[in-house]
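Peer 1: Attaching a single structure in structure tokens format; questions to follow.
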Amino acid sequence: MSKTSRTTRAVRTAALTAALTAGAAVALPATAHAADAEHYYIEIGGTGATTNKDGCATGTSSYDAANSALPPGSAAIKVCYPATAGPIIGPTGSLLDDKLQPHLEALTAPTYDASVQLGYQKGLQAAEDTHAAHPDARITITGYSQGAQAADKVLQTIASGSTGIPRSQVDGMLYADPMQPDTGLGAHLPRWLGIPGLATAPGVGPAEFNGIPVARHCITADPVCDLRSLLNAPNYFSLHPLYPKLVIPQTLADHGKDGVQWRNADGSAV
């Protein structure tokens, strides 16, 4: 590598490090040389209890299992955002947990709609900063549940051509996307339904992203992304939590696919 190339890469890496440590995202290398990674995963985790880790006060664990198995040359960039649904779910979990123990932080936590917006803003910033520092790298935008809704919006913005990120270098992987066309929560609930300012129906995302391949992974009968029958609604508690340990680890490295990918409860393809 020439001295000029080393200097250029050092400048880009320093710029990315400065941007990410400012609070938008946290870089987690899949190898010992994250600065030399050829593929970056911008990860927006799902709603739920968070922990202070990796430089983020509200770090989610949605991608932890999958990140441990990312191939060499890849790096995960976790988007640091609230992942809350106040006043019902806060940084330490539900207002009342399954043992009826209160978590009063939920009362003042950002609402679902506010949290999604922050996830979108910080996710988009992480993608733009990553591309600026590594202009030749592949970028996968991925999100789970609430994070999938935010990631869907990030992908729509990149697809519109309003960022400096080439669409040819981007793909998406959405897990339990509430905006999944035809079958998702947003496709079956009126956009106005909900409590304005707290949580409202998300609407429907696009089936195509202007040439960007986007795979939407959905466990059959998970009502967040498969509300074809109201009988699926109770499955939220049994199926929706399965993605971080089963679906995401089995599929995250298999990027570049397009369209809805139906999964079984064990994470296997239907």
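Peer 1: Could you tell me whether A148 is in contact (Cβ under 8 Å) with a residue 24 or more places away in the chain and aliphatic (A, V, I, L, M)?
Peer 2: Criteria met by A148.
Peer 1: When N235 is evaluated against the numbered criteria (1) out of contact with any Ser or Thr (no Cβ under 8 Å at 6 or more places or on another chain); (2) open to solvent by 60 Å² or more (accessible area, probe 1.4 Å); (3) free of Cβ contacts under 8 Å to residues at least 24 places away in the same chain, which criterion, by number, is the only one it fails?
Peer 2: In the conditions (1) out of contact with any Ser or Thr (no Cβ under 8 Å at 6 or more places or on another chain); (2) open to solvent by 60 Å² or more (accessible area, probe 1.4 Å); (3) free of Cβ contacts under 8 Å to residues at least 24 places away in the same chain, N235 misses (2) alone.
Peer 1: Continuing with this model, one more query. Going by what's in this entry, would H39 be described as out of contact with any helix residue (DSSP H, G or I) (no Cβ under 9 Å at 6 or more places or on another chain), modelled with pLDDT of 95 or more and within 24 Å of L124 (Cα to Cα)?
Peer 2: It is true that H39 is out of contact with any helix residue (DSSP H, G or I) (no Cβ under 9 Å at 6 or more places or on another chain), modelled with pLDDT of 95 or more and within 24 Å of L124 (Cα to Cα).
Peer 1: Does at least one position in segment 98-109 carry a residue that is surrounded by 20 or more Cβ atoms within 10 Å (Cβ to Cβ), assigned to a helix (DSSP H, G or I) and touching a Lys or Arg at 6+ places or on another chain (Cβ under 9 Å)?
Peer 2: No - not one qualifying residue is present in segment 98-109.
Peer 1: Sticking with this structure for a sec: Out of the residues in segment 129-158 meeting the condition of being assigned to a helix (DSSP H, G or I) and open to solvent by 10 Å² or more (accessible area, probe 1.4 Å), tell me which one is nearest to H217 (Cα to Cα).
Peer 2: Of everything passing the filter in segment 129-158, Q149 is nearest to H217 (Cα to Cα).
Peer 1: Out of the residues in segment 163-185 meeting the condition of being assigned to a loop (DSSP other than H, G, I, E, B) and out of contact with any Asp or Glu (no Cβ under 9 Å at 6 or more places or on another chain), tell me which one is least open to solvent (accessible area, probe 1.4 Å).
Peer 2: Taking the candidates together, the pick is P181.
Peer 1: Here is a follow-up. Taking segment 191-241 on its own, how many of its residues are part of a strand (DSSP E or B), at pLDDT 95 or above and of a type in the set (S, T, N, Q)?
Peer 2: Counting residues in segment 191-241 that are part of a strand (DSSP E or B), at pLDDT 95 or above and of a type in the set (S, T, N, Q) gives 0.
Peer 1: With A75, A65, A83 as the choices, which residue is modelled with pLDDT of 95 or more and in a helix (DSSP H, G or I)?
Peer 2: A65
Peer 1: Would you tally the residues in segment 37-72 being more than 15 Å from G119 (Cα to Cα), among the aliphatic types (A, V, I, L, M), out of contact with any Asp or Glu (no Cβ under 9 Å at 6 or more places or on another chain) and open to solvent by less than 60 Å² (accessible area, probe 1.4 Å)?
Peer 2: Of the residues in that region, 3 qualify.
Peer 1: Let me ask something additional. Scan D254, D258, D226 and give me the residue that is surrounded by 18 or more Cβ atoms within 10 Å (Cβ to Cβ) and among the charged types (D, E, K, R).
Peer 2: The unique qualifying residue is D226.
Peer 1: Do you know which residues across segment 69-94 are without any contact (Cβ under 8 Å) to a residue 60 or more places away in the chain, small (G, A, S) and within 18 Å of A253 (Cβ to Cβ)?
Peer 2: G73, A75, A76
Peer 1: For segment 193-206, give me each residue that is open to solvent by 20 Å² or more (accessible area, probe 1.4 Å) and either under 21 Å from Q156 (Cα atoms) or touching a residue at least 12 places away in the same chain (Cβ under 8 Å) (or both).
Peer 2: G197, L198, A199, T200, V204, P206 - these are the residues of segment 193-206 that are open to solvent by 20 Å² or more (accessible area, probe 1.4 Å) and either under 21 Å from Q156 (Cα atoms) or touching a residue at least 12 places away in the same chain (Cβ under 8 Å) (or both).
Peer 1: Cβ contacts < 9 Å: first residue without any contact (Cβ under 8 Å) to a residue 24 or more places away in the chain and under 17 Å from D266 (Cα atoms), restricted to segment 216-230; second residue open to solvent by 20 Å² or more (accessible area, probe 1.4 Å) and assigned to a loop (DSSP other than H, G, I, E, B), any location; separation 6+ or different chain. Result?
Peer 2: Here the result reads A221/R228; A221/S229; A221/L239; A221/A265, each pair linking segment 216-230 to a residue that is open to solvent by 20 Å² or more (accessible area, probe 1.4 Å) and assigned to a loop (DSSP other than H, G, I, E, B).
Peer 1: Now, a different point. Pairs under 6 Å by beta carbon, first residue within 24 Å of D177 (Cα to Cα) in segment 95-123, partner buried (at least 19 other Cβ atoms within 10 Å of the Cβ) and of a type in the set (F, W, Y), six or more apart or different chains?
Peer 2: Pairs found: L118/Y81; G119/Y81; K122/Y81.
Peer 1: Against the definition (open to solvent by 20 Å² or more (accessible area, probe 1.4 Å) and at pLDDT 95 or above), how does V270 come out, yes or no?
Peer 2: Yes.
Peer 1: Give me a count of the residues in segment 77-97 that are open to solvent by less than 30 Å² (accessible area, probe 1.4 Å), under 17 Å from N52 (Cβ atoms) and in contact with a helix residue (DSSP H, G or I) (Cβ under 7 Å, 6 or more places away or on another chain).
Peer 2: Result for segment 77-97: 7.
The values are calculated or read from the model by the stated rules, or taken from the named source; none is laboratory data. It should be emphasised that the depicted structure is a prediction, and the values quoted were computed from it without experimental measurement. Don't worry about glycine lacking a Cβ; one is built from the backbone with ideal geometry, like all the others, and counts go over all protein chains shown. SASA here: full protein model, heavy atoms, side chains in, ligands and nucleic acids out. Shrake-Rupley method; radii C 1.70, N 1.55, O 1.52, S 1.80 Å.
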